[in-house]
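Notes follow the structure.
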Amino acid sequence: MIVKEPKFKKITVIGSGYVGTTTAALLAHAGFHVVALDIDKHKVEMILNGKSPFYEIGLDTLISSAIAKKTLSATTNYEEAIADSDIIFSCVGTPDNPDGSSNLSYVFSAAESATPFFKKGAVFVQKSTVPVGTGRKVIPLLPKNVAYVSNPEFLREGTAVFDTLLFDRIVAGGNDNKSVEKVLDIYRQLESRNKQIAQIVPEIGNVFSDIKSHGGQYISTTLESAELIKVTANAFLALKISFANSIAKLCDETDADVVGVMDGIGTDTRIGRAFLNAGRGYGGGCFPKDVSGLISSALEHGVDLPIMTAATEINDSMAGYIVQKAEKFLGSFRQKNVAVLGLSFKAGTSDARKSPAVKIANLLAKEDASVICYDPEASEEAHPNLNRGVVIVEKLDEAIKDADVIFVATDWPEFKDPSIYRSLKKCKMIVDCMNCLDKDAFKSGVAYIGVGRNGD
Ligand code: UGA
């Protein structure tokens, strides 16, 4: 692929969360000089010391090598970061308000703080997930000679580097076609170097060498469509998960196994198998808030989205549903030793925001179980959200050795090995909250309970 290299070199990335840090680290290896800008001194110091502010495969290596090459730097100072930048990515958080709507205060304050320092002709790129119509409200805050482009992000936590290097699509929308093309050119350059960059990170390089051909799509569209593509994609994936969980409840009442059912429908290319894994539901910093944000922004436009309200209700029910199902089998959790394996909202991340695994641990504690949790990465982040009395241990073995019941609440690879459960003396039941275990490995002695799996 012949790629016309963009003429500019300096890029600033505002916000050092998952999206901003991954974007900054990778662009710093793709031929650009990148400045990571964050108001949090601690995050900036970590990046300057060659470390990612959170756990994500490959990021430490990418950051430390880019800092050493001097293609990446970090600062808390807006003027220093923005003044000679050609492209400014805004990757700040958009948490939810108590009523479920999106809190856009960081989005507006990032634009306002940068405004005095833009150079003429700079492009302000919105990567934060925002409700449709937000761009139109940000544009008046910017100088007239600065263009605005919406360029939503689709990376997943846990595979952030991989997803950014091997993307399905890049979406960019705005009024000024030249600026939209400038943004797309950045990714064309990144894609042309993706194999080379992947070699820096061994875990990712190995996967890359198995991939024969790949071509990400470049989608140039209107500002509003770009904004809506992002939230609609997340909402649809959430819908798929809640659909699978509804069918799992039906499977529990019949002789069907939800894994087989979803495998069966997933072969239909119109449906696809992805995001049809039933279990304790979705969590994290994206799906829950993006779904509630979509419902709320649609209402502002007079549009009701009951389909998404239903998806949220089903999702919210899953942790309680699993605990009740296990309780029915066991009689009572009172004074039982229960191990909860996994606290993060999914494997591969230290992120425990809105984690259904944390919800399960808390529900078990409410049932008077003596709860011991273990997670390889998320203990620190989960700790503030766990009820008093819930204990976190540092080793898997410590959590399970005296357990009467084990809940596998996050699908970390180390929990999937059946041999870790074989020598346990007291354990009567394994509750597979993510249907990630081989249920046939538990036939003798220990009861296996999945979500929507035949014969539970
Ligand atoms: C999600 C999207 O997948 C990304 O494309 C998007 O960029 C990101 O949100 C974002 O908006 O920033 P992420 O939240 O990192 O990414 O995680 P996912 O891998 O999508 O998983 C979300 C949740 O759904 C997890 O709790 C996971 O365990 C759960 N899940 C996923 C299921 O319960 N079943 C499935 O079949 C798949």
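The values are calculated or read from the model by the stated rules, or taken from the named source; none is laboratory data. Since the model is a prediction, treat every value here as computed from it, not as a measurement. A quick note on method: Cβ atoms are made from the backbone with ideal geometry, for glycine too, and the neighbour counts reach across all protein chains shown. When the accessible area is computed, the model is the full protein with side chains, heavy atoms only, and any ligands, DNA or RNA have been set aside. Shrake-Rupley method; radii C 1.70, N 1.55, O 1.52, S 1.80 Å.
The value of relative contact order for the chain, using C-alpha pairs under 8 Å at least six residues apart, is 12 percent. Heavy-atom accessible area with a 1.4 Å probe sorts 270, 188, 353, largest first, into 270, 353, 188.
Taking all protein chains as present, what is the carbon and sulfur share of the accessible area of the chain, in % to the nearest whole number, probe 1.4 Å?
Working: 10900 of 20300 Å².
Percent of accessible area from carbon and sulfur atoms in the chain: 54.
Past the 44 angstrom mark, what percentage of all C-alpha to C-alpha distances in the chain do you count? Working shown, then result.
Values: 16338 of 103740 pairs.
Considering the chain, 16 percent of its Cα-Cα pairs are separated by more than 44 Å.
How much accessible surface area, in Å² rounded to 10, belongs to the heavy atoms of residue 312 with a 1.4 Å probe? Using a 1.4 Å probe on the heavy atoms, I get roughly 40 Å².
Could you report the stretch 333-423's accessible area per residue, 1.4 Å probe, as an integer in Å²?
Working: 4130 Å² over 91 residues.
Per-residue value: 45 Å².
Helical content of the chain, expressed as a calculated mean residue ellipticity at 222 nm, amounts to -12000 deg cm²/dmol (DSSP H runs of 4 or more residues, -39,500 (n - 2.57) each, divided by residue number, nearest 500).
Please give the helix 306-330 orientation as an angle from the longest Cα principal axis of the chain, in degrees from 0 to 90, rounded to the nearest 10. Once rounded, one gets 30 degrees.
Note on the stretch 186-343: semi-axes of the ellipsoid equivalent to its C-alpha gyration tensor, largest first and rounded to whole Å, are 34, 25, 17. Give the shape of the stretch 43-186 as rounded, prolate or oblate, defined through the alpha-carbon gyration tensor: a ≥ b ≥ c are the square roots of its eigenvalues, a/c under 1.5 means rounded, and otherwise the shape is prolate if a/b is larger than b/c and oblate if not. Rounded. For a straight C-alpha distance cut-off of 24 angstrom, the lysines reachable from residue 289 (same-chain residues fewer than eight places away being disregarded) are 43, 127, 137, 230, 240, 346, 354, 359.
How much accessible area per residue does the stretch 155-265 have, in Å², with a 1.4 Å probe? So the stretch 155-265 comes to 46 Å² accessible per residue, rounded to a whole number. Using the alpha-carbon atoms, what tilt in degrees (0 to 90, nearest 10) does helix 356-366 show relative to the longest principal axis of the chain? Between helix and principal axis, roughly 40 degrees.
Starting from a Cα-only point model with no solvent, please compute log10 I(q)/I(0) by Debye for the stretch 262-335 at q = 0.11, 0.23 1/Å. At q = 0.11, 0.23 Å⁻¹ the computed log10 ratios are -0.45, -1.05.
For the stretch 195-250, the ratio of Cα radius of gyration to the globular rule of thumb 2.2 N^0.38 Å stands at 1.75. Shape analysis of the stretch 224-313 based on the Cα gyration tensor places the equivalent ellipsoid semi-axes at 27, 14, 11 Å, largest first.
With a sphere of radius 15 Å drawn around the Cβ of residue 387, what net charge do the other residues whose Cβ falls strictly inside it have (Lys, Arg +1; Asp, Glu -1)?
Details: positive: 359, 366, 388; negative: 367, 368.
Once positives and negatives cancel, what remains is +1.
In percent, what relative contact order does the stretch 108-263 have, based on Cα pairs under 8 Å that are 6 or more apart in sequence? Each step should come with its number before you reach the end.
Details: 175 pairs, mean separation 38.1, N = 156.
Contact order relative to length: 24 percent.
Pairs of Cα atoms nearer than 8 Å and 6+ residues apart set the relative contact order; for the stretch 49-197 it is 19 percent.
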